[in-house]
Amino acid sequence: MNTVSLTSISKSFGKVCAVDDVSFEVYPGEIFGLLGPNGAGKTTAIRIMLDIFKPDSGQVSIFAGKLDESRKRRIGYMPEDRGLYKDLKLEPTLIFLATLKGLTTSEAQKRLDVWLERLDLYEHRHKKIQELSKGMQQKAQLIATLLHEPDLIVVDEPFSGLDPVNTRLVKDILQEQSNAGRTVIMSTHQMYQVEALCNRIVLINAGRTVLYGEVDRIKRDFAGHAVVIQGQGEFSSIPGVLEARQDNGAWHLALEIGTDPQEIFRSLAGLEDLSIERFEIAEPSLDDIFVTVVQKSKIEKAANNA
């Protein structure tokens, strides 16, 4: 049985179609990536899922039914924009929010002490939220999301403002939630975090689903769409290359769909100002796939509108 099911949902605001016939399912115990460029419709899809917006068409099922008040209490939502009351103190704010989800004050306090200690916020519990750093506020918002032990956890850019140590801590916490059988939906632009955590993903662009499935299978399907080059010269302006970046002394090139890696090699071999020491076909990263699919979607949309 799935935890979340969105079937052919669409939503427009005036003449702007924010979500257009989007469908996906999320299962218990998995960490699911909801991805897309800025303005793609991710946040609108989340708000429809959480009954903040009503879809113009389509069906939403949460815990095998409509999202009533009892089901809402089983959800923890961490929005991208920090939504805590900045002029109030941290501890009473988090306790109050937990009581809205059905906890008693004493139970909320007991659980909160554990989370404050773990996220290194205990000594700051009497401070106003606006006095905390951005990273601390992010961790406080995560506590607000998890304190009532929800069965469905929706986190939008959960690593925003965090240093590497706290990023690893949050990753560990999300993995623990998944291991405990809870469902995690994560929206982020950090593709390497998605690769590390997510079982499956959906990629939305211009309001439509352009990629959906298991991360490993998607990467296999896109094999041959990236190459790694080591050598001397400028490799960022090669025909057929969507994006080029340097990493540990090597160039990583994401290729346009339909571009043969051998074509890239022949193009490079014909350039006198380049020296190639290593050329290999690489398994594309999700970052490469993201760029490739979004670019293809833009080209197709432009062709359709021509």
Task: Debye equation applied to the C-alpha atoms of the stretch 127-227, log10 I(q)/I(0) at 0.20, 0.22, 0.24 Å⁻¹ - done: -1.11, -1.25, -1.37
- [ ] Provide the percentage of antiparallel DSSP beta bridges, counting only those with both residues in the chain; round to the nearest 5.
- [x] 70
Task: Under DSSP loop assignment and at most 11 Cβ neighbours within 10 Å, longest trypsin sites (Lys or Arg not before Pro)-free interval of the chain - done: 67-306
- [ ] Give the Rg/Rh ratio for the stretch 71-164, taking Rg as the radius of gyration of the Cα atoms and Rh as the Kirkwood radius, to two decimals.
- [x] 0.93
Open item on the list: Report, in listed order, any pair from Lys101/Lys127; Lys54/Lys86; Lys86/Lys134; Lys89/Lys134 with a Cα-Cα distance greater than 18 Å.
Closed with: Lys101/Lys127; Lys54/Lys86
Task: Whole-percent pair-distance distribution, where bins are 5 Å wide, for the alpha carbons of the stretch 221-305 - done: 3, 15, 27, 25, 15, 9, 5, 2, 0
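Quick check for me: using +1 on Lys/Arg Cβ and -1 on Asp/Glu Cβ, what's the dipole size of the stretch 201-306 about its Cα centre, in debye to the nearest 20?
So the magnitude is around 500 debye.
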Task: Counting all C-alpha pairs of the chain, share separated by more than 31 Å (%) - done: 40
TODO: Rounded to whole Hz and in sequence order, give me ³J(HN,Hα) for the stretch 35-44 from the Karplus expression 6.51 cos²θ - 1.76 cosθ + 1.60, θ = phi - 60°, writing x for Gly and Pro.
DONE: 10, x, x, 4, x, 6, x, 4, 5, 4
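Every number in this text was worked out from the coordinates using simple rules, so none of it is lab data. The shown structure was predicted, so the numbers you read here are calculated from the model rather than taken from an experiment. Note that each Cβ is placed from the backbone with ideal geometry, even for glycine, and that neighbours are counted across all protein chains shown.
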